Amino acid sequence: MSNLKNQIFTLLKRCPERANVSGYVTEIAYYPEDNSTYILTLKSEEGYQIQVSIYNYANVFSKTVSLTEKEYMDIKWTIEEWREVLEEKAFDDFAKFAESEPNSMDDLLND
């Protein structure tokens with residue numbers, strides 16, 4: 001499993017497409033171009049763990065890896081940081097979209 005744990009930490013260096021941080025769920029998702037979905041979900045009900053779920057067409061595969069408290073917290077903080085990055089990007093994209101519309105409030109003020 002240590003190889004899987006190393007792969008998890010390597011993957012966490014890449015910006016995900018989705019990050020969910022709430023009181024109940026802390027997870028991150030990647031959607032590679034091969035139509036698979038990779039979801040990493042933190043779990044703390046029975047010790048510190050991370051579940052790796054691979055959705056590949058009609059199949060679902062998952063494994064749970066035990067973590068130390070430090071590893072768990074490092075992953076949790078990384079997911080929270082990626083969540084902030086994704087939120088900032090979403091609002092930047094929203095601003096670009098809104099400002100691309102003609103007759104925006106800024107355009108009216110400039111007239």
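The values are calculated or read from the model by the stated rules, or taken from the named source; none is laboratory data. Predicted model only: the values in this text are computed from it and were never measured. With ideal geometry, Cβ positions are generated from the backbone for all residues, glycine too; neighbour counts draw on all protein chains shown.
Among the residues examined, Lys96 does not qualify as of a type in the set (D, E, K, R) and buried (at least 16 other Cβ atoms within 10 Å of the Cβ).
Does at least one position in segment 52-60 carry a residue that is among the polar types (S, T, N, Q), more than 14 Å from Leu4 (Cα to Cα) and either surrounded by fewer than 11 Cβ atoms within 10 Å (Cβ to Cβ) or over 16 Å from the mean Cα position of the chain (by Cα) (or both)? Yes, segment 52-60 contains at least one residue that is among the polar types (S, T, N, Q), more than 14 Å from Leu4 (Cα to Cα) and either surrounded by fewer than 11 Cβ atoms within 10 Å (Cβ to Cβ) or over 16 Å from the mean Cα position of the chain (by Cα) (or both). With respect to Glu80, is the statement that it is surrounded by 12 or more Cβ atoms within 10 Å (Cβ to Cβ), out of contact with any helix residue (DSSP H, G or I) (no Cβ under 8 Å at 6 or more places or on another chain) and either at pLDDT below 95 or not small (Gly, Ala, Ser) (or both) true? The answer is yes for Glu80.
Of the strands (runs of 3 or more DSSP E) that lie entirely inside segment 7-111, those containing 1 or more residues that are free of Cβ contacts under 8 Å to residues at least 24 places away in the same chain span 26-30, 36-43, 49-56, 59-66.
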